[in-house]
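The values are calculated or read from the model by the stated rules, or taken from the named source; none is laboratory data. Treat the numbers as computed from the prediction; the structure is a model and nothing was measured. Cβ sites come from the backbone with ideal geometry, for glycine too, and all protein chains shown count toward neighbours.
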Amino acid sequence: MSAHIRRICTVFEDLVTELGAPVAGPVRRAAVAAVIANPWAGRGLVDDLNEEVVRVAPVLAHELTSRLVGALGGTGRVEAFGKAAIVGLDGETEHAGALIHTPYFGNLFREITEGSSVIVFSDDRAEAGASLTVPMWHKVHAATRSHYQTIAVRVPDAPRADEIVVIAAGSSGGRPNARIGDRSADPQVRLADHPRSRYKTENLESVR
């Protein structure tokens, strides 16, 4: 294996009730995180990251996505997806981005899950045990609001200073009981019709 993987963690949650009542359709959210050695750690500012990206990113795409698909019950069960990475304190946020923002990861992740949308993402630089919120949206229709959701991922002992945590996330459905409509049916809302001068703080206080 050309990526030095220390551990792989899978987390998932099943959303079955909201406000104590069963949801219209139970949904599973899952995320798979790989803790890897940062291939650029200790090398100073590396101008060209491509060699390591080509070597490492496809390995991560296959390892993470295959486990994610399994956790959700098959490719057909994946409705939403997202990606993320956390680099340790001895690395750059560019190192995290390099492993998830190129075709060597994103295109493979998208193809394995049979998606076509751009994959929404988050990234950060943090010490071991940091939590990262991974956003997701529909794998085919990115503008579908019902599938805008997140999952929080935390690996207690990672990333170490010279490591990166790379995450692939997915969901078998949208938010529980989603009902705020879709962008395709939105009314035309313009700033001219809703200038800030029309609104006062007490208007917000009244709906708390």
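Among the numbered criteria (1) modelled with pLDDT of 90 or more; (2) under 30 Å from GLY74 (Cα atoms); (3) in a loop (DSSP other than H, G, I, E, B), which single criterion is violated by VAL189?
Condition (2) is where VAL189 drops out.
When you scan the stretch 15-60, how many residues do you find that are under 20 Å from THR113 (Cβ atoms), at pLDDT 95 or above and not β-branched (Val, Ile, Thr)?
Matching residues across the stretch 15-60 total 9.
Among the residues of the stretch 80-117, which ones are within 25 Å of PRO176 (Cβ to Cβ), within 15 Å of the chain's Cα centre (by Cα) and part of a loop (DSSP other than H, G, I, E, B)?
Result: THR113, GLY115, SER117.
Please identify the pairs in which a residue from the stretch 32-55 that is farther than 30 Å from GLY73 by Cβ and touching a residue at least 40 places away in the same chain (Cβ under 8 Å) has its Cβ atom under 7 Å from the Cβ atom of a residue that is of a type outside the set (D, E, K, R) and in a strand (DSSP E or B), counting only partners at least 6 apart or on another chain.
ASN38/VAL87; ASN38/ILE164
Matching residues to (1) in contact (Cβ under 8 Å) with a residue 60 or more places away in the chain; (2) of a type in the set (Gly, Ala, Ser); (3) surrounded by fewer than 18 Cβ atoms within 10 Å (Cβ to Cβ):
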residue: GLY76; (1), (2), (3): no, yes, yes
residue: GLY82; (1), (2), (3): yes, yes, no
residue: ALA85; (1), (2), (3): yes, yes, no
residue: LEU89; (1), (2), (3): yes, no, yes
residue: THR102; (1), (2), (3): no, no, yes
residue: LEU132; (1), (2), (3): no, no, no
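Could you look through the stretch 107-120, keep only residues that are touching a Lys or Arg at 6+ places or on another chain (Cβ under 9 Å) and surrounded by fewer than 19 Cβ atoms within 10 Å (Cβ to Cβ), and pick out the one that is nearest to ARG77 (Cα to Cα)?
GLU114
Just for the stretch 25-60: of the residues that are among the small types (Gly, Ala, Ser) and either exposed (fewer than 13 other Cβ atoms within 10 Å of the Cβ) or in contact with a Gly (Cβ under 9 Å, 6 or more places away or on another chain) (or both), which one is farthest from ALA168 (Cα to Cα)?
Filtering the stretch 25-60 for residues that are among the small types (Gly, Ala, Ser) and either exposed (fewer than 13 other Cβ atoms within 10 Å of the Cβ) or in contact with a Gly (Cβ under 9 Å, 6 or more places away or on another chain) (or both), the one farthest from ALA168 (Cα to Cα) comes out as GLY44.
For ALA152, all conditions in the list (1) closer than 25 Å to ASN38 by Cα; (2) crowded, with 19+ Cβ neighbours inside 10 Å; (3) under 13 Å from the mean Cα position of the chain (by Cα) hold save one; what is the number of the exception?
Status for ALA152: all satisfied but (2).
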